[in-house]
Each structure stands twice: as C-alpha cells, then as structure tokens.
Amino acid sequence: MQFSFTSEQEEFRSVLRRFLEDKSPTTTVRRLMETEAGWDRAAWQELNQQLGLTAIHIPEAYGGQGFSFVELGIVLEEMGRALLCAPYFSSTVLAATAIVNAGTEAQKRELLPVIADGSCIAALAFTEPNGRWDASGVEMTATRDGGLFRLDGVKSFVVDGHTADLIVVLARGVAGLSFFTVRGDALGLTRRALKVVDPTRKLAMLNFRSVEATLLGEEGGAAAPFAKTMTRAAACLANEMVGGAERLRQSALDYANLRVQFGRTIASFQSMKHKQADMLIDVELAKSAAYAAASAAAEDDPDLPAIASLAKAAASEAYMQTAISTIQIHGGIGFTWDNDTHLWFKRAKASEVFLGDPAWHREAMMRAWNV
Amino acid sequence: MTEMTEASVRAEVRAWLEANWNVDYGLVEWRNILIDSGWGVPTWPTDWYGKGLPAGLAAVVDEEFARIGAVGVAKAGIRRLAAATLLAHGTPAQKQQFLRRSLSGENTWCQLFSEPGSGSDLAGATTKAERKGNRWVINGQKVWTTSAHHADWGLLLARTNVDVPKHQGLSYFIIDMHQPGVDVHPLRQMNGHASFNQVFLTDAEVLPEHLVLDVGRGWAVATTTLMHERREADGVRVWGQASVGVGRIYDEERAENATVMEPYKWYPQRAGRVDLVIERAKAAGVNGDPVVRQEIAKLLTLSKSAEWTARRARAAQMQGRPQGPEGSLGKLASSHVARAAARVHTLISGADAMLSGADGPMNGLIAEILVSVPAGSIAGGTDEIQRNIISERVLEMPKEPRTDNDRPFRDVPKNLVM
C-alpha cells in the first residue's frame, strides 16, 4: 500500500487545485445549483479540454489516460474541496467504471472514448425507490425482444440521470442480473429531477416502460462487475468527501482566527483550540482511510472491499462531524444562506447516505473480514 | 568519500555483519564491537560511535540487523533517551563517561522530571539543587519514575534559582542513584501494578562535572529528552521484544529485557488490545449481534485509520519531507483507540466484565485492559496537552495566555495540596 504521494502526484494536485479554485468559485457553485441540470455543458467541455479529467482512469486502449485510482482519488478530493458542479462522479466514476468492469471489448471501444473525452455524459442507474445500495434492491425487469431487451420498472437516486446522454442500467432477467445501456432520450423513458437536500449533486427518478436496451457484457453476468464497481465507487466517494471536509475544517479555522468576541479572537479560547484539534484528527484519520482505499483500488488489493467500506464509513462520519462543527464555530452566520458553509454541509449529509450509510458499510466491512 | 545510497549501505552493513556477527559473543562484548564499528547507532556522528547516516538509510541498517536477527545496542527504556540527550548536550567528558556504557547496556537510567506538584507543567518543578562547596545538593520529590529501583543514573531536572522566571531557573543534572540521599519507593497504580516509583531526594549529591549544559539551561536539555521520548514512545515496546534466537547472546539479551521491560508489561493492555477483539467476540458467541458488530467495526475503523495515519507520517519522514499534521496526531489518536477498545471489550464480555484475575475473561487480561486504559491518555502528555500542542504548533492558533512566565518563580502560585 502506498502511504505517500509522489512529487508528480503532488504537483498534479496543486495544478488541479488552482484550476478548480478558478473555475469553481462558490459564485459558480451557487449559480449552477439553482439550475435543474446542475451543470453547464460549455463549462464542462472547457474543463475537459484543459485537463482531460474525464479520461483519467480509463485505460489508454479506450481513449483514456490510463492513470490509477490514486490519481482519480486526487481528482475527486480536489473536486470535493471545490464542490465542483459537474457530472463527474456519475459519468467518469460510476458509469465508466461499470463499463470497464462489465463491457465486452467491442463495447468498451465504442462507449469509453466518448466518455473519456467528455462528449458523452453517462449515468449509472442501479438504485430503485427502495433505496437499497446492493443488487438485492434491483426489481427492474429485462425481457428479451429479438436481439434486444426491453426494460420495465423505476430507477431512483440516479446521479445526473435526468441529463445523461447514456444510461447504464442494472436489471433482472431470466438469466439473472445484467447491465444494459439505454440512450437518455429513449422512447418510453421518462426522467424527473428529484428535489434534493444537496443541490450541488442532482438526483433523478427514471421511469422505464418497455424501453429498448442493449445488453452490456454478459447476460446474467452483472453481479461481480457491479460489486467491483461499487467498491471502487465507495473508495472514490471517500476521497471526494475528505476533500470537502478539509475545506470546511480550514474555513472554520480561518473564521475562528478572524472573529473577535470578549475582546479577543475566538481562536484564543481553549475550548475552540481543542475543538479545532479534534477536527484535525477527524479529518486526517479519514484522509488516511480514503488514501488507503484509493491505493488498494489501484493495486487491486483483495482486501479492497473491506478497506473501501471502512473508508466510506470513516469519511462519512468525519465529513458530517466537520460540517456540524464548522457551522457551530461560525455561530449564527453559519446558519445563514449567504454563508457558504451550508453548501458543504448539504453535500456532507447527502454523501453520508449515498452509496450506503456508515452503518451499512461497517456491516459490509465486517462481512468482508469474515466476522 | 563515495556517496552513500540505499544499495551501498545495505551491501556494506551486510558484509560487516557476515564478517562479525556471532551468537556466541557475550552481550556487552558484542555491543562494544558494534559500538566501535559505527553500525550500532548509524545516525550518530562518526566522532561518537556513529556513521552520520540520514534516518532513511539508517532504516536499511535496521532491516539488515532484523533480517539475520543480529542484536543491536541497548535501546529499550530510558537509557536511549539518556544517550540521545547527552549526545546533544553533554560535555566531551560526560560523553566519554556515559555514552558507550549506555549503548552497551552496562548503565541503566531513569528520568527524574515529574513531581507531585508539576505534571503537565513540568517546568514548574520545585526540587531544589543548591551549590554547597564542591557539590550540588539536591532536595525534593520526584514521581512516575520508571526503573528508578534498578537505575544506576538519573536524568534530573531541578531548580537552581527561584528569582528568575520558571524556565530560566532550571538546571539539568546526572545523578548517581546509588547513594544514601536517594530513596526509592514503588508507586502502586489503580491496575495493581507498581511500574513506577516515587523518588525522595534528601541532601543527595551531584558532582559539579555532572551538570549538563549550563546552570539555568536545564529546560532546553529536558526538551531534547522529551522530544526523543515522544518520538520513541512506540519504539520502547518494539525494542523490548527480545529475539527468540538460540545462543549465548540471546540468553543474555532476554535476561536484560526481562528486567528493563518489566514495567512495560501491561502497556499493550493500556493501548486497548484491539488485536483480541474479533477472536473474543467469536469465543463469546456475540459476533452475530448487530450492535456488537457495529461497535467492533467502529473500533477497527478508528484503529486502522490511526495506523495508516502513522504510516503516512513515517513515509513523509523517510522521504525527508516536512512533516504534515499527520505526524502530531498519534498520541491523541491512540487514546481514542484505547478508550474505544475498552468499551468494546466491555460490550463483548457482558457481566464477565465485572470479574478479574482467575475469574475474569482471559484469566484477568480483559479486566487489566479495562483498568489500564485510563493511563494512556495521561502518560507522556495528557490528551488536553496534546490538543494544545496540535492547535498551537500545527494549526498556529494563539498560545494560552501565561501568567507564570513573566515573574520570578518564587511569586508564581503553586499547589497547596498535591
């Protein structure tokens, strides 16, 4: 396992941080979060043309840059820090990883290059209104119709599902669990943006009524690639979350150093110093877990399922606790709409639940460790 | 000199060990050979038994020793701190007198810093050192002194001037523990062990040449000792694990360890024994209980995260990078881990958590965990002091307002009851 970043990786991080500070200031976050789409295609294209971020972990054979999950983790940490409003987690992390894991060689050659260059936005539709994060929740049916399939059912909590060009869908047929691809504008598919707590990450409900779909990979063979995709997604989300947590922690410290009460900065009170020390330890420990998970994903470590769940649980708790403390430290102003803290607080709350809450992941970790 | 690389150091130390290492040596005899070679303390300067290697390359030396089970210089316990402190601040005569015999293990040491009236506030020590004729005469009381009952020498922090601010009135001495004025009493702890001592100093004497650095500069020397103590807190236990090898030198090493490490035997329990949790849950048949599973998982998440944080800190150190915040969190993190582990052991044990000794789970080991954990968040800097250090040094927040630094120590309020 890798416990430090190389100087190239550190350099990449600092370039990325400057870039995102420039492209995703909170004024932009606030503008995009008020739109139904939640992101802006022109800005997204610019982002990809300059840094090629959507291609980062996609293999070079399929138009990607062929970097590892460690580099992808760095990208996500910085995006989480900047609260970037873009279909990155949906398209690059979830959908592209599912296609890499499940698709046939020909499908990977066809689908991945357009995701890698950012021209196609893909989403992964696996959860349903029952809100279960594993395959046991999949009730959507796939029925063979000549050379194609038809999908019926409802998918929910689909990140960027209402704006994606391509939707990778998990459904159940006679052969068992399979992945399919469906065009975003397919006949019989109705899409609705859900009202969400975190407006910086849009969720959609997708209704499928006899929607024509193409099998992705092997019929009935989706269980393993789906599980593999989920462990990697959990590792990625953990990294995104620690980026947000670090940003909040720093903002709470900056504020405490500025705010004067009783004739002194509130940073000079021991109760505040100890709180900040506790925040630092929460965030640094969660970072260590998130980095360990990214490193395990990069190395295809057999222990990844446990480590990824550990990291997701750790990052969820740390991000949420940091968000709570950051609002507390800001006092009344921290509870206002104009103060930026609530933007990260809401991302922390949604991320705590997204892909499985801490208790769910702790149980998954225990099962992975055969306890 | 050719530039040293990992490969060249490895080759050199390997060749040296092949030519010299032999299990039939006596422990002290071997260590003296090692001390002369420079491989015993490779980071030390070449003038004083070392090779001047950076920490990253010294790790290679450790690996090579470990690979063939070669015994190193005496590292366990306080003598390592004594050696490091005297290397930094000792006079040539002090180095000559003490360094070799400390590295060889012939001298044992104890640290006379804490007092009943000054724990976290170590610089508030009131033990007096007065110059009388050709001697320093020491009067006062020290506490929490590990190994004082068998130490040859003590590292003593004492007050030489009450008319200046507290930090300026301290001096650092090397005191001979084998003298009538030094009275050592074991201190019984809440877990029943007596790993520490109280040391009563009544007209005890120190030779003038055993003052370290200058009069009034004792705090700077003590800071060096404490820095090494913090850095090596984990090392004390690791080094204490004697080899299981066969041969005269291993027998002698095991005997040495049995004495030196005796006070530390409950330290693994103090740290919470996370390693026992899953096995115990299975043995107790509660590993299927969802509440127990959640609590175990929380504990493992915390302990793994703390372990990985320590490894990040070490990786940065090995690369010679400036230490990030992760390097200052270990002590506080281990307190959290220990407390969480004690909670989980209690949950797993149920009613048996009330029992100790032969009636208790694991023949009393679990009970020992439960009543030893409170020490971890106090010893070596309380959690509260750790938070002050993290907030002031890492986060650069304002320092605590001080009312005791700007006036003579004589006028600073002190404990009425200890």
Residues listed by number, segment B:364-385, amide nitrogen under 11 Å from B:D352 label point at 7 Å toward C-beta: B:364-367
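Per-residue mean of other chain beta-carbon atoms within 10 angstrom of the beta-carbon, peptide A:301-313?
Details: counts 0, 0, 0, 0, 0, 3, 2, 0, 2, 7, 4, 1, 5.
Partner-chain Cβ atoms within 10 Å, mean over residues of A:301-313: 2.
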Which value in deg cm²/dmol, rounded to the nearest 500, describes the helix-derived mean residue ellipticity at 222 nm for chain A, given -39,500 (n - 2.57) per DSSP H run of n ≥ 4 and division by the residue count? -16500 deg cm²/dmol
Using a 7 Å offset from Cα along Cα-Cβ at A:E105, what residues in segment A:49-85 end up with backbone N under 18 Å from the label point? A:59-64
Taking the alpha-carbon centre of each part, the distance from segment B:123-192 to segment A:340-358 in Å is 55 Å
When the accessible area of segment A:122-220 is computed with all protein chains present and a 1.4 Å probe, what percentage of it is carbon and sulfur? 51 percent
Provide the per residue accessible area, probe 1.4 Å, for the protein assembly as shown, rounded to a whole number of square angstrom. 42 Å²
Per GNM of chain A with C-alpha springs under 10 angstrom, the most fluctuating residue out of A:G220, A:G64, A:G263 is A:G263
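Rounded to the nearest 0.05, what FRET efficiency do B:T91 and B:V246 have when you use their Cβ-Cβ distance and R0 = 41 Å? Mind showing how you got there, number by number?
Working: r = 42 Å, r/R0 = 1.03.
Computed FRET efficiency for B:T91 and B:V246: 0.45.
Evaluate the charge dipole of the protein assembly as shown about its Cα centre and quote only its size in Debye, nearest 20, assuming +1 on the Cβ of each Lys and Arg and -1 on the Cβ of each Asp and Glu. The partial results should precede the final answer.
Numbers: 84 positive and 92 negative charges, 319 e Å.
Here the protein assembly as shown has a charge dipole of around 1540 debye.
Considering only DSSP beta bridges with both partners in chain B, what is the antiparallel share in %, to the nearest 5?
On the way: 28 of 33 bridges.
Expressed as a percentage, antiparallel bridges in chain B total about 85.
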If you take every DSSP beta bridge fully contained in chain A, what fraction is antiparallel? Give it as a percent rounded to 5. 85 percent
Label-to-label distance, nm, for residues given as B:R321 and B:V28 (7 Å Cα→Cβ offset): 4.6 nm
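Would you mind giving the total buried accessible surface between chains B and A, with a 1.4 Å probe and ligands, DNA and RNA left out, rounded to the nearest 100 Å²?
Numbers: alone 21090 and 15700 Å², together 33320 Å².
Rounded to the nearest hundred, the buried surface is 3500 Å².
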Taking a crude spin-label model, label points 7 Å out from Cα along the C-beta direction, the B:E18 to A:K23 distance in nm is 5.6 nm
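Send over the semi-axes of the protein assembly as shown's equivalent ellipsoid, whole angstrom and largest first, taken as the square roots of 5 times the C-alpha gyration tensor eigenvalues.
Numbers: eigenvalues 653, 174, 130 Å².
Over the Cα atoms of the protein assembly as shown, the ellipsoid semi-axes are 57, 29, 26 Å.
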Alpha carbon centroid spacing (whole Å) that separates segment B:362-418 from segment B:74-90: 24 Å
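Pop the C-beta distance of A:D134 and B:I378 into the FRET formula with R0 = 30 Å and round what comes out to the nearest 0.05. Show your work: numbers first, answer last.
Details: r = 44 Å, r/R0 = 1.48.
Efficiency for this residue pair is about 0.10.
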Averaged over the residues of A:3-12, the number of partner chain Cβ atoms within 10 Å of each residue's own Cβ comes to 3
DSSP beta bridges in the protein assembly as shown: the antiparallel percent, rounded to 5, is 85 percent
Who wins for biggest fluctuation among A:A277, A:A233, A:A82 in a Gaussian network model of chain A, springs between alpha carbons below 10 Å? A:A277
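Sort segment A:1-118 into rounded, prolate or oblate with this rule: let a ≥ b ≥ c be the square roots of the eigenvalues of the Cα gyration tensor; rounded if a/c is under 1.5, and if a/c is not under 1.5, prolate when a/b is larger than b/c, oblate otherwise. Display every interim value, and only then the final one.
Values: a/c = 2.06, a/b = 1.20, b/c = 1.73.
Oblate, because a/c is 1.5 or more while a/b does not exceed b/c.
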Using a ≥ b ≥ c from the Cα gyration tensor of chain A (square roots of the eigenvalues), is it rounded, prolate or oblate, where a/c under 1.5 gives rounded and otherwise the larger of a/b and b/c decides, a/b for prolate? prolate
Calculate the FRET efficiency for A:A43 and A:R13 from the Cβ-Cβ distance with a Förster distance of 22 Å, rounded to the nearest 0.05. 0.55
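Sort segment A:79-134 into rounded, prolate or oblate with this rule: let a ≥ b ≥ c be the square roots of the eigenvalues of the Cα gyration tensor; rounded if a/c is under 1.5, and if a/c is not under 1.5, prolate when a/b is larger than b/c, oblate otherwise. Write out the running numbers ahead of the final one.
Numbers: a/c = 2.47, a/b = 1.14, b/c = 2.16.
Judged from the Cα gyration tensor, segment A:79-134 comes out oblate (a/c at least 1.5, b/c at or above a/b).
So what is the 222 nm mean residue ellipticity for chain B from helices alone, if each DSSP H run of at least 4 adds -39500 (n - 2.57) and you divide by all residues, rounding to the nearest 500 deg cm²/dmol? All intermediate terms of the calculation are to be shown ahead of the outcome.
On the way: 14 runs with 176 residues, N = 418.
Helix-only estimate at 222 nm: -13000 deg cm²/dmol.
Within segment A:1-74, what whole-number % of the accessible surface is contributed by carbon and sulfur, with the 1.4 Å probe and all protein chains included in the calculation? Let's see the in-between values first.
Details: 1820 of 3600 Å².
Answer for segment A:1-74: carbon and sulfur cover 50 percent of the accessible area.
In chain B, what percent of the accessible surface is made up of carbon and sulfur (1.4 Å probe, ligands and nucleic acids excluded)?
Working: 10280 of 19370 Å².
Carbon plus sulfur share of accessible area: 53 percent.
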Return the whole-Å distance between the Cα centroid of segment A:259-307 and the Cα centroid of segment A:1-67. 23 Å
Please give every one of the lysines within straight-line cross-link reach of B:K128, meaning a C-alpha to C-alpha distance under 24 Å, and leave out same-chain neighbours fewer than 8 residues apart. B:K142, B:K166, B:K414
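The values are calculated or read from the model by the stated rules, or taken from the named source; none is laboratory data. Please read all numbers here as calculations on a predicted model, not as lab measurements. Note: ideal-geometry Cβ built from the backbone for every residue, glycine included; neighbour counts use all protein chains shown. Each accessible area value is taken on the protein alone, full model and side chains, heavy atoms only, with ligands, DNA and RNA left out. Shrake-Rupley method; radii C 1.70, N 1.55, O 1.52, S 1.80 Å.
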